[in-house]
Amino acid sequence: MNQVTLLREKASASSTLPFLSVIVPVRNEAAHITATLEQLFAQDYPVDRYEVLVADGESTDDTVALVEQLARSRPNLRLLRNPRRWSSAGRNVAARAARGEILVLVDGHCEISNRRYFADLVEAFHRSGADCVGRPQPLDVSGATILQRAIAAARSSRLGHHPASHIWSTQEGFVPPQSVAVAYRREVFDRIGWFDERFDACEDVEFNHRAAKANLTCWFTPRVLVRYHPRDSLPKLFRQLVRYGRGRVRLLRKHPETFSLAGFLPGLFVLGLLMGPWLALLFAPLCGLFVGALLLYVLLVVSFSLGLAWRHRQPCFMLLCPLVFLTVHLGAGWGLVWETVVGCPRN
């Protein structure tokens, strides 16, 4: 007996399954949005028990046209306008329009191969009694280029991602919601409010941090894994990490208790690269320290890259992963430094 059948039997007392609102904030996602939406509409879940709300942030590509085309044959697909463009605002536009008992966040560049994704989410809420449900978010999508595979491998390592994050975990159980919660009972929004629209990155972490401060629970399960498409070039990866770094500083401004040394190490790395040579020239004893720190960094990057090349049986990772790690650390570090020095929250 499959999970959907079990869910229907459990729901028979109330005569219906929970109604889901799937929130998809997008901007210029023409390359992926059709595949993502088609996977959402291929779910083994009653079509009259969910809606998909796409909040478009003034896309300049074919995103709107593609969504409108699908909406002609999908009465439960709605296209909403997000004039503020940022994902945080788009999530709020859709959340305010949502009719669901459970609100589910899905980005426009995801791969959802599990046809029981909705059913597994509902089952996770039912089984755990949690306020939120979290999931792994790996980057190893099908059809990826060799660079995207290298990015996926590097980002899943401790050197390529914040070590406190659970998004690479495979263990089911209750966890802090900050890095993984993506589905919420409607009551969560009633208790802690909406996404902070001053954030153009880390708005989900900030929202989930407020959930944690309100003592709301989060159940993590790999059964609802969703794969994300990695950036397809190093410049795009750099810009993505700059946004993440800036978002991390905005999070710290609003919630000082979120500070962790590990999260700000990329900023120290960039500051070291910018100031280290000058300090070494002014104070000769610092020259050895600077060179030693660089050698230690190179040793770490080479060691992790060799390990990933061996684990994934991809010799080219020995060349690509060092570039990916450097891009990740420089991007996140520059974002941290820039936002700290000249950034200001958006009104």
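The values are calculated or read from the model by the stated rules, or taken from the named source; none is laboratory data. In this text, all values refer to a predicted model and were calculated from it rather than measured experimentally. Because the Cβ atoms are built from the backbone with ideal geometry, glycine has one as well, and the counts that use them run over all protein chains shown.
Quick check on region 200-218. Is at least one of its residues aromatic (Phe, Trp, Tyr), at pLDDT below 95 and either out of contact with any Asp or Glu (no Cβ under 7 Å at 6 or more places or on another chain) or assigned by TED's automatic domain parsing to the domain that holds ARG116 (or both)?
Checking region 200-218: not a single residue is aromatic (Phe, Trp, Tyr), at pLDDT below 95 and either out of contact with any Asp or Glu (no Cβ under 7 Å at 6 or more places or on another chain) or assigned by TED's automatic domain parsing to the domain that holds ARG116 (or both).
Do we find a residue being charged (D, E, K, R), within 24 Å of CYS202 (Cβ to Cβ) and in a strand (DSSP E or B) anywhere in region 69-78?
No; the residues of region 69-78 include none that is charged (D, E, K, R), within 24 Å of CYS202 (Cβ to Cβ) and in a strand (DSSP E or B).
Name the single residue that is nearest to ILE23 (Cα to Cα) among those in region 36-58 being touching a helix residue (DSSP H, G or I) at 6+ places or on another chain (Cβ under 9 Å) and of a type in the set (Gly, Ala, Ser).
Here the residue is ALA55.
Considering every residue within region 179-194, establish whether at least one is buried (at least 21 other Cβ atoms within 10 Å of the Cβ), under 18 Å from the mean Cα position of the chain (by Cα) and assigned to a helix (DSSP H, G or I).
Checking region 179-194: not a single residue is buried (at least 21 other Cβ atoms within 10 Å of the Cβ), under 18 Å from the mean Cα position of the chain (by Cα) and assigned to a helix (DSSP H, G or I).
Suppose we keep only residues that are aliphatic (A, V, I, L, M) and under 25 Å from PRO177 (Cβ atoms) within region 135-156. Which one would you say is surrounded by the fewest Cβ atoms within 10 Å (Cβ to Cβ)?
VAL141
Do the conditions hold for PHE199, that is, is it assigned to a loop (DSSP other than H, G, I, E, B) and among the aromatic types (Phe, Trp, Tyr)?
yes
Restricted to region 278-327, and to residues that are aromatic (Phe, Trp, Tyr) and in a helix (DSSP H, G or I), which residue is nearest to the chain's Cα centre (by Cα)?
By that ranking, first place goes to PHE325.
Can you find, within region 1-54, the residue that is modelled with the highest pLDDT among those that are buried (at least 18 other Cβ atoms within 10 Å of the Cβ) and among the polar types (S, T, N, Q)?
Top of the filtered list is SER21.
Run down GLY247, GLY331, GLY343 and say which single residue is modelled with pLDDT of 90 or more, closer than 22 Å to ASP196 by Cβ and surrounded by 13 or more Cβ atoms within 10 Å (Cβ to Cβ).
It is GLY247.
Just the residues that are over 21 Å from the mean Cα position of the chain (by Cα), assigned to a loop (DSSP other than H, G, I, E, B) and of a type in the set (A, V, I, L, M), please, taken from region 24-68.
Result: ALA42, single match.
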